[in-house]
Amino acid sequence: MLSWLPLPPMALQTTTHRGGWCRAEREAGLRGGGEGGGGGGSGKGGSACLPPAVTEPLLLLGCCLRPEDPTERGLLLAPPPPREEEDEQGRMLAMAGGGGQRLKALSLLEAARCRYESLQISDDVFGESGQDSSGGGNPFYSTTAESRSASEEEEDEGERGASQGRTPGRRGCEAEEEQEEEGKETPPLPAACPPVTEEEEEGKAGWGSGLKEAPSPAFQESSGPTRRMPPTASAMDFFQLFVPDNVLKNMVVQTNMYAKKYQERFGSDDTWVDVTLMEIKAFLAYMISTSTHHCESVLSIWSSGFYSNKSIALIMSQSRFEKILKYFHIVAFRSSQTTQGLYKIQPFLDSLQHSFDSAFKPSQTQVLHEPLIDEDPIFIATCTERELRKRKKRKFSLWVRQCSSTGFICQIYVHLKEGSGTEGLDALKNKTQLHSMVAKSLCQNAAGKNYIIFTGPSITSLNLFEEFEKQEIYCCGLLSTRKSDCTGLPQSMLNNPDVPQTRGQHRIKMKGNMSLICWYNKGYFRFLTNAYSPVQQGVIIKRKSGEIPCPLAVEAFAAHLSYICKYDDKYSKYFISHKPNKTWQQVFWFAISIAINNAYILYKMSDAYHVRKYSRVQFGERLVKELLGLEDTSPCH
């Protein structure tokens, strides 16, 4: 059946090209049970068109001899006979005639086998049990994608040449044998370039393991209150540093304007009388009282139940309070040029921000974060499920820049959930670049002062820190591979090492003055900073574990963030518990709560604190009484 071939059946089984299936075989769908694809793709599959019994050395000949008859082609997929059977078949074919050429072919196969074994190439050429052979200079095999595509192209060219030379079949094969006799071998594929390692890629990006001393930013400005308050200053005096009388008078004007416009549209209200400055102060006092005496509703002050407060209920009737609450406004009407969703509260926020900047100068270290805003547990226990579901859907996010030495909140930024374009908080949670926008808004007044800003994972990013460094703002942030923007960071530092780490062990890589730290303490913590030198060492003291070594940046981050956490735990309890439905009113009462906390911080830093030391609850109670006119404004009484 195979008398037209110049080689014995064993040679047919062993001289098939290793690059994969020819075009005719792919069309016929003859896979023969083999699993592998192109050459070098997998060490498990080997050559796609060979059975597992075929030995690797014989693949080097590269003879792509395939009979056109599918019945004959099936013999190519049969297991090869043993070595004794090969010699026997050779002798039988030699006796049948044409033995010289057939014996010469067998000698060529033996020479190829010996040449292969002399190279001492094992199965590791596919990277199965060792390194990739392409990196070792093996000219025959390569596991790179470039070499596979090149071998497939050469295979297609070989198939086209073989199909042209088979017409007469013997003549084409005799030409190949003559080339073998003349010592002309198929030139080997060029060795592929070794793949670029992670270390080399990180080096090209500027990251390296060599550490150098990075100078800390110098800070020469003074910090603290800008105005010296007298020892006789009252709680009202500190509060009016941020909410002065001119702001309260504007509330009076805007509330009366809104009440008039409302009645013109929906009908007159005979019980309404224009509000006065004293009534606005009393109105604020009732709301502020809910920050120290939490209750289900501010209207509980006039009730006869547990939350009633008869001492202040007589200043204003409940019906009058409800009327003021109905018409209360900061900005009565929308301007034709106003497109911002917080237009009813924005003038007050701008005035409050100006007061924060003029009343206090923060220290060098500050924190960007969202303050703790929780529902009051009493409110949650007493309200209905529908009210609770409605209250929990806040339509804004409140971010602050806070001095980590005193807790003074330097700047407020409000981001709405609902809005067009980039105003939506849903986009803020999904796109890390919008967190950078929040950070830029909070630090717009911090440029050129060498501040050190601590950030959480949602804000920390290399691009933001590099941009802040150009503005002389330095940063130290906690990094998370899930929440942070890790663009431009070395991948080797973002992956956890396979070797178990001990507590306090760390790795550092630098890019200019930027340091990326991976520190282990019952888990991997990553920090990105350009404010602290990676060479300087610190320590974290635990009650049970003792001292844990760490870089100085880790110690600084833990110290400043722990203070902010303690501040939030203490002062978030004194937020006004009144929960209106309108977003601008919620923002307004949160801003008033922050202003009172800042006023108390200034009070503790003043001489008035040494005259009479009030706690935060006592300071709030005294402010309520002074707004109602029930107490003398002197703190010595």
Calculate, for residue 496 and residue 264, the FRET efficiency according to 1/(1 + (r/R0)^6) with r their C-beta to C-beta distance and R0 60 Å; round to the nearest 0.05.
0.35
For a test of the definition: using alpha carbon positions, the gyration tensor, and the 1.5 limit on a/c, classify the range 507-609 as rounded, prolate or oblate.
prolate
Two-site label geometry, residue 213 and residue 304: point separation in nm, points 7 Å out along Cα→Cβ
7.8 nm
HN-Hα J couplings of the range 582-592 from phi, Karplus 6.51/-1.76/1.60, θ = phi - 60°, integer Hz, Gly and Pro as x?
7, 5, 5, 6, 4, 4, 4, 6, 5, 5, 5
Rounded to whole Hz and in sequence order, give me ³J(HN,Hα) for the range 447-454 from the Karplus expression 6.51 cos²θ - 1.76 cosθ + 1.60, θ = phi - 60°, writing x for Gly and Pro.
5, x, 10, 6, 6, 10, 9, 9
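If we count other beta carbons within 10 Å of each Cβ, what is the order of 317, 492, fewest first?
Final ranking by Cβ density, sparse to dense: 317, 492.
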Amide H neighbours of residue 232 under 5 Å, counting only residues 5+ apart in sequence or on other chains, H built in-plane at 1.01 Å?
none
In the range 457-488, which GluC sites (Glu not before Pro) fall in coil by DSSP and have 14 or fewer other Cβ atoms within 10 Å?
472
With the label point 7 Å along the Cα-to-beta-carbon line of residue 505 and a cut-off under 15 Å to each amide N, the hits in the range 540-572 are 549-550
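Between residue 612 and residue 201, what's the calculated FRET efficiency when r is the beta-carbon distance and R0 is 56 Å? Round to 0.05.
Details: r = 64 Å, r/R0 = 1.15.
After rounding, the FRET efficiency stands at 0.30.
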If you take the beta carbon distance between residue 539 and residue 319 as r and set R0 to 56 Å, what does 1/(1 + (r/R0)^6) give as a FRET efficiency, to the nearest 0.05?
0.35
Using only the Cα atoms of the range 452-510, what do you get for the radius of gyration and for Dmax, in Å?
13.0, 40
Points 7 angstrom from Cα along the Cβ direction at residue 343 and residue 569: gap in nanometres?
4.4 nm
When a footprinting reagent is the concern and you count Cβ atoms within 10 Å, what order do 228, 622, 507 take, fewest first?
228, 507, 622
The exposure ranking of 415, 610, fewest beta-carbon neighbours within 10 Å first, is 610, 415
With only alpha-carbon atoms in the gyration tensor, what are the semi-axes of the equivalent ellipsoid for the range 212-354, in Å, largest first?
36, 24, 15
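Read the figures in this text as sums done on the coordinates, not as results from a lab. In this text, all values refer to a predicted model and were calculated from it rather than measured experimentally. Heads up, the Cβs are rebuilt from the backbone with ideal geometry, glycines too, and the neighbour counts pull from every protein chain shown.
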